[in-house]
Amino acid sequence: MSIKNLTLAISALFLSGCLVLLLFLATHQNALVTVHEKISSFSGFESIVEAKDKPKQEEENDKNEHGIIEASMKEENVKSHNAKNFVPIAQHSTHNLENNAIGKSNLPQFEKALTAAQKKVNQDNHSENKYNDYGIDSTCQGVYYYIFTFKNEKKPDTFYRVTVNKHNKAEIFDTSYHVADNPPNNAPCISPQESEVIAQKYATDNLGNNASLKQVKQSKEGMYYTFSNSKTQKECKVVINKAGDVIQQPALK
């Protein structure tokens, strides 16, 4: 083979290689453009999703913030339920309920119950008796009720004590409760036997000789006794505090 023919063969191969390369680039350029368009479309979709999710996230944050504020307001309302500079009477005479929220869910709204109790005491002595404090308690049968206290305007230094049941019915069970000047300390001044004797005498005076002890339990102020008369089906409830004082309790069923 002559040098001329060899040169032409090499040139032909080179040109063929260039042609193949051009065809390859032309073919794959379209593929690259397609891939680039798809990537761009996915980026756009992610931006749209992110833009849509952002208001939802902001809304969720607003709800959480609103929930915290609402809970704080509810807590503040609970704190403000008692009068300013109140004397803790109902709070001390009620038990430490394990779940006070259950009691509230079974009772009328606080404002409605307070209105009923206020009306009851005002009608009793035809005066404007100032509200003091409240508590929530339950009977042996698990029936919840409010206890409200009011200053008795006709009897200085004494308080009305009123119950309000789930039907929003108010009943006065004490018209002249007197707060001890020197409340007993945590150390008992009387023995459990002495406490029960005092309670039994109080129950006998109220229910008769057939009064029998039904239940006894610890309360905030002392020992809480429930007596019953099987013949009359009546109950008598009383707290004997650590000093031996008798504190009458509502007898609800």
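Values in this text are rule-based calculations from the coordinates and carry no lab data. A quick note: this is a predicted structure, and the numbers were derived from the prediction, not measured. Neighbour counts run over all protein chains shown; Cβ positions are idealised from the backbone, glycine included.
With labels modelled as points extended 7 Å from the Cα through the Cβ direction, what inter-label distance (nm, one decimal) is found for PHE173 paired with ALA243?
2.2 nm
Longer than 25 Å from Cα to Cα, which of LYS104/LYS242; LYS84/LYS237; LYS169/LYS231; LYS104/LYS155; LYS112/LYS242; LYS104/LYS169 are they? Say none if no pair is.
LYS104/LYS242; LYS84/LYS237; LYS169/LYS231; LYS104/LYS155; LYS112/LYS242
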